[in-house]
1. Being farther than 21 Å from Trp98 by Cβ and open to solvent by less than 50 Å² (accessible area, probe 1.4 Å) is true for just one of Leu69, Leu25, Leu50, Leu45. Which residue is that?
2. Cβ-Cβ under 8 Å, sequence separation 6+ or interchain: first residue in the stretch 143-159 and outside the structural domain of Arg328 (by TED's automatic domain parsing), partner within 9 Å of the ligand (Cβ to nearest atom). Which pairs?
3. So which strands (runs of 3 or more DSSP E) stay within the stretch 228-335 end to end and still have 3 or more residues that are of a type outside the set (A, V, I, L, M) and open to solvent by 30 Å² or more (accessible area, probe 1.4 Å)?
4. Test each condition in (1) closer than 30 Å to Arg139 by Cβ; (2) touching a residue at least 24 places away in the same chain (Cβ under 8 Å); (3) open to solvent by less than 80 Å² (accessible area, probe 1.4 Å) for Ile77 and report the one that comes out false.
5. On the given criteria, is Gly175 open to solvent by 10 Å² or more (accessible area, probe 1.4 Å) and within 11 Å of the ligand (Cβ to nearest atom)?
6. Contact list please: Cβ distance under 6 Å, first residue in the stretch 90-103 and closer than 12 Å to Thr144 by Cα and open to solvent by less than 70 Å² (accessible area, probe 1.4 Å), second residue modelled with pLDDT of 95 or more and part of a loop (DSSP other than H, G, I, E, B), pairs at least six apart or on different chains.
7. Output yes when any residue across the stretch 198-216 is in contact with a Lys or Arg (Cβ under 9 Å, 6 or more places away or on another chain) and within 12 Å of the ligand (Cβ to nearest atom), and no when none is.
8. Of the residues Leu235, Leu193, Leu240, which single one is in contact with a Cys (Cβ under 8 Å, 6 or more places away or on another chain) and within 15 Å of the ligand (Cβ to nearest atom)?
Amino acid sequence: MDPSRPNTVRLQRLARAYRETGALLAAVELDLFSKISEGANTEHLLIDALGISKLNAERIIIACLGLGLIVRKQQFIENAPDVERFLVRKKSTYAGEWMFFTHPDWDKWGQLAEFLREKSSPELNNKTVKNISLSEARRYHEATFSIGRGAGRQFLRQVDLTGRTKLLDIGGGSGAYCIEACKKYPKLTATVLDLPEVVQVAAEFIRSFSLSDRISTLAADFNFDAFPSDIDVALMASNLPMYGREAIGHVISKSYDALVAGGEMHLIGEALNGSRDGPADPAMWGLAQTLNNSTGLAHSVDDCMQYFSNAGFINIQAKEFIPGVLKRISGIKKA
Ligand SMILES: C[S@@+](CC[C@H](N)C(=O)[O-])C[C@H]1O[C@@H](n2cnc3c(N)ncnc32)[C@H](O)[C@@H]1O
């Protein structure tokens, strides 16, 4: 076959990628990966353990093998390393809830073209989070917590908070970053700023780590409400594509004003590279905002650095945070 001659393989894979999503989510729901880890490590044992028909068990096992989620080793099967770490229920690293985070959008993706034809003006209030019920906030943040603690630890591997005393986590969700930071730095205090339903959930997580004396919550909308002053670290993580350029620029300027001289800000976001031609994951987070008719879109790392510069920050830097997924843009308020 002439390798320079285009074929349909890539296009076919993209056209049917929803099947792969379905296979992964079904395997998580059936707890297939936990069963392998706990000893059902041959095809026969796994078929029995799944408790579904033999034919369907064979189908989902073969699909997981085909996707490389599980691998054959002689007569045994085992989880791929990422699956073993993040999709085995009893492990502290379990992130199964996060796999379902965007699941409420599932049906709408099948009608994306209709959403793209929408003519009404986008709304600043993002309906995925504004005025959601407490039970939806709980579902949403069980998911973000399952991935956010690892992200919080990654933040602390990159950023030394020695000597810092007051962290404001803007759109801090479950409080995962604040919990990890306060565990590591005993003199640090933190505030999780988020919408009213969300801070109720954050308070529950914070209590479960006995950190309520050092981590407070603040029910506020970061687009409209004032920030507390005298903070020396401002953090905003994983909500970048939810809002347009003006709104994000505004939040970064407000954070600058709230910081003490010499304070630092970190924006951890799903950002595109400077030429705005990838990575795909931030591009998809931006596209997903079509479904909400929000102002959100995929910002580039250069856009983000410009927001920091417009706000007055110095020493502005952009670093990889989770390659292909998240970047960290930081700046200092002049001393
Ligand atoms: C994907 S979650 C990320 C949570 C947390 N930063 C983390 O990384 O684990 C996005 C968060 O931003 C919050 N958020 C979005 N818009 C907001 C607004 N206008 N005011 C306050 N919080 C907001 C959401 O409620 C949600 O908790």
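The values are calculated or read from the model by the stated rules, or taken from the named source; none is laboratory data. Since this is a predicted model, take the numbers as computed values, not measurements. Cβ sites come from the backbone with ideal geometry, for glycine too, and all protein chains shown count toward neighbours. Surface areas here come from the heavy atoms of the whole protein model, side chains and all, with no ligands, DNA or RNA. Shrake-Rupley method; radii C 1.70, N 1.55, O 1.52, S 1.80 Å.
1. Values: Leu69 fails: farther than 21 Å from Trp98 by Cβ; Leu25 fails: farther than 21 Å from Trp98 by Cβ; Leu45 fails: open to solvent by less than 50 Å² (accessible area, probe 1.4 Å).
Residue meeting the stated conditions: Leu50.
2. Matching pairs, first to second residue: none at all.
3. The qualifying strands (runs of 3 or more DSSP E) are 314-322.
4. For Ile77, the exception is condition (1).
5. So Gly175 does not fit the description; no.
6. Gly96/Leu87
7. Within the stretch 198-216 (the criterion being in contact with a Lys or Arg (Cβ under 9 Å, 6 or more places away or on another chain) and within 12 Å of the ligand (Cβ to nearest atom)), the answer is yes, since at least one residue qualifies.
8. Matching residue, one of Leu235, Leu193, Leu240: Leu240.
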